[in-house]
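One structure is given below, encoded as structure tokens.
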Amino acid sequence: MAQYELPQNFFFGAAMSGPQTEGGWNTGGKLENLWDTWSNEDISSFYNRVGSYVGNDFMHHYKEDLALLKDLGLDSYRTSIQWSRLIDQDGNINPEGAAWYHELFRASREAGLEVFVNLYHFDMPTYLFRRGGWQNREVCEAYANYAAKAFEEFGQEIRYWFTFNEPIVEPEQRYWHGVWYPRHHNFQEACEVQYNISIAHALAVSRYRELYRAGKIREDARIGMICNFSPSYTKDDPSEADLEALRMNDGLTNRWWLDLVTRGELPADVIDTLTKDLGIVLPARAYDADVLKGGVVDWIGCNYYQPSRVQAPSKTHDEWGNPLFAEPYIWPERVMNESRGWEIYPKGIYDFGMKCKNEYPELEWFVSENGIGIEREYLNKDPETQQVMDDYRIDFVRDHLTWVARAIADGARCVGYHYWGLIDNWSWANAFKNRYGFVEVDLMENYERRPKKSAAWLKQVAETHVVA
């Protein structure tokens, strides 16, 4: 088996989020977010009726979890501050929420772990959603206020900040495809939300720059955005219609965010198609071009799970009257993770690296999420030791890291890797259906943590930087 070596300054870590791990959904002054509200209103929408309430009980296990991460050879992890925990309904700091994060960051430093802090992970406070959510420009301003409060509160503790995780997901899942609460099927609304999230990001970055200049944020700090980039592919012998489907798919999901964070603008060809060809009305204001210019960041995170394969649509609109740009293309050679219904294509991370090298050459990035979720993983336990024997996870991560190493060798500015769900966590409406972790969480035994077979392999790679 070939071996690939990653640079010695390449960092290894874990990715998680506040709403998926912390628990304590209604304690310490925390307000309801949309996941709490959906859980309260319709618990049957969640796998095995496991709602947002406990996550993986991180608030009670954080010291143990930080020690686990360090023992596995990791040097960093990313989590998120929950807007609904840090800020009260008047837009001020909630002291109990702030105290929790100060303690978490203190314990992380003591454990020798760098904390990457993300400010938004699909968890809008419900009272703001009821005022229009991301369709309301006032909520964008409320987010910028929250971001500024966080920067000031933790500015001397945290070096790496991120405005949003996967900003394309809420427009798609909540407003277009109708998968998440409130389950709308309205592309016009989705475009409004995507545009306003872009504005909110730019407002927050501008507040960060102001506070940085004022000395409220440590001198070595950086700010970025974390996006789920799915490299877009079509048929080997595409028609003009297939190429048009490719342009719009890549434009809405990849170039939109890459142009925003590197150039402070949105892709003109995509905006023209939306507004001139499809009649979409974006909630733009006269000075928004200047607002968006503030959205340029220092670096980004790339969440990569699967490619996006598209072809020309067979009809112009879906059953709800929304325009169709593309339909899925089933690549004959694809390999699937049947648990998740996602294609496994490690080379996609290399192709993303080459896209950045060629189209955004100044952009530094890291793999901010990558992982494989397996359903009914308990069936893979060794009958004697009861350890999960997850060789498939070793293969998955090895193959992706191999392509990362090849991308770096070919000029990609990739500087690190965070694995998603290193410790099994709650995953939205799927709850604990698909397990991602190198470490098992036993829901029947007080959320006890148990390393899987893959954990020893990860430790060796993290400590040696040799992918084998």
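Every number in this text was worked out from the coordinates using simple rules, so none of it is lab data. All values derive from a computational prediction rather than experimental measurement. Positions of Cβ are generated from backbone atoms using ideal geometry, with glycine treated the same way; all protein chains shown enter the neighbour counts.
Taking a virtual spin label 7 Å from the Cα of Y47 along the C-beta vector, which residues in segment 278-320 bring their backbone nitrogen under 20 Å of it?
Answer for this model: 304-307.
With each label point set 7 Å from Cα along the Cα-Cβ vector, what nm distance links N40 and K276?
4.7 nm
According to a simple spin-label model (label point 7 Å from Cα along Cα-to-Cβ), what is the distance in nm between Q135 and L379?
4.2 nm
Would you kindly state how much longer the chain becomes between S314 and T27 on full extension, computed as 0.36 nm times their sequence separation minus their alpha carbon distance, in nm to one decimal?
Details: separation 287, 0.36 × 287 = 103.32 nm, distance 5.02 nm.
Value of the extension gain: 98.3 nm.
On a full-extension model of 0.36 nm per residue, what is the gain between D298 and H185, subtracting their alpha-carbon distance, rounded to one decimal in nm? Kindly include the intermediate steps, with their values, before the conclusion.
Values: separation 113, 0.36 × 113 = 40.68 nm, distance 3.49 nm.
Net length gain for the segment: 37.2 nm.
Tell me the relative contact order for the chain as a rounded percent, counting alpha carbon contacts under 8 Å between residues six or more apart. Mind dumping the intermediate values first?
Values: 923 pairs, mean separation 85.5, N = 468.
Relative contact order here is 18 percent.
For segment 1-128, what does the equivalent ellipsoid look like in terms of its semi-axes, each the square root of 5 times an eigenvalue of the Cα gyration tensor, given largest first in whole Å? Walk me through the numbers before you get to the answer.
Numbers: eigenvalues 175, 68, 34 Å².
Semi-axis lengths for segment 1-128 are 30, 18, 13 Å.
Per-residue ellipticity at 222 nm for the chain, helices alone: DSSP H runs ≥ 4 residues times -39500 (n - 2.57), over residue total, nearest 500 deg cm²/dmol?
Computed mean residue ellipticity for the chain: -11000 deg cm²/dmol.
Per-residue HN-Hα couplings for segment 268-283, Karplus 6.51 cos²θ - 1.76 cosθ + 1.60 at θ = phi - 60°, whole Hz, x for Gly and Pro?
My calculation for segment 268-283 gives 4, 5, 5, 4, 4, 4, 5, 8, 8, 8, 10, x, 6, 9, 8, x Hz in order.
I need the shape label for segment 232-329. Rule: rounded when a/c is under 1.5, else prolate if a/b > b/c, else oblate, with a, b, c from the alpha carbon gyration tensor.
Values: a/c = 2.42, a/b = 1.37, b/c = 1.76.
Since a/c reaches 1.5 but b/c is at least a/b, the shape of segment 232-329 is classed as oblate.
Taking the simple approach of a point 7 Å from Cα along Cα-to-Cβ for both Q460 and D269, what is their distance in nm?
If labels sit at Q460 and D269, their model points lie 4.6 nm apart.
So what J values fall out for segment 116-133 if you push phi through Karplus, 6.51 cos²θ - 1.76 cosθ + 1.60 with θ = phi - 60°, rounded to Hz, Gly and Pro as x?
Once rounded to whole Hz, the list reads 9, 10, 9, 9, 8, 9, 6, 10, 4, x, 4, 5, 7, 4, 6, 9, x, x.
Given 0.36 nm per residue, what is the gain on full extension from A67 to K347 after removing their alpha carbon distance, in nm?
Numbers: separation 280, 0.36 × 280 = 100.80 nm, distance 3.27 nm.
This chain segment gains 97.5 nm when fully extended.
Do any of K381/K459; K70/K452; K235/K276; K70/K453; K433/K453 go past 26 Å between their Cα atoms, and which?
On the way: K381/K459 20 Å; K70/K452 16 Å; K235/K276 28 Å; K70/K453 17 Å; K433/K453 20 Å.
Exceeds cut-off: K235/K276.
Along the Cα-to-Cβ line of R334, 7 Å from the Cα, sits a label point; which residues in segment 219-238 have backbone N less than 15 Å from it?
Only 230-236 pass the distance filter.
Given H placed 1.01 Å from N in the peptide plane, which residues other than close sequence neighbours of G295 have an amide H under 5 Å from its amide H?
none
Could you compute the longest span of the chain free of GluC sites (Glu not before Pro) located in DSSP loops and having at most 14 other Cβ atoms within 10 Å, not counting the site residues?
Numbers: sites that count: E219, E319, E333, E338, E362, E384, E445.
Of all site-free stretches, the longest is 1-218.
If you count the DSSP beta bridges with both ends in segment 214-333, what percent of them are antiparallel, to the nearest 5? Each step should come with its number before you reach the end.
Numbers: 3 of 10 bridges.
Close to 30 percent.
Assign one of three labels to segment 375-468, namely rounded, prolate or oblate, based on the Cα gyration tensor with a ≥ b ≥ c the square roots of its eigenvalues; rounded applies when a/c is under 1.5, prolate when it is not and a/b is larger than b/c, and oblate otherwise. Mind showing how you got there, number by number?
On the way: a/c = 2.50, a/b = 1.80, b/c = 1.39.
The shape class here is prolate.
Would you kindly give the portion of the calculated P(r) for the chain that falls above 37 Å, as a percent of all Cα pairs?
22 percent
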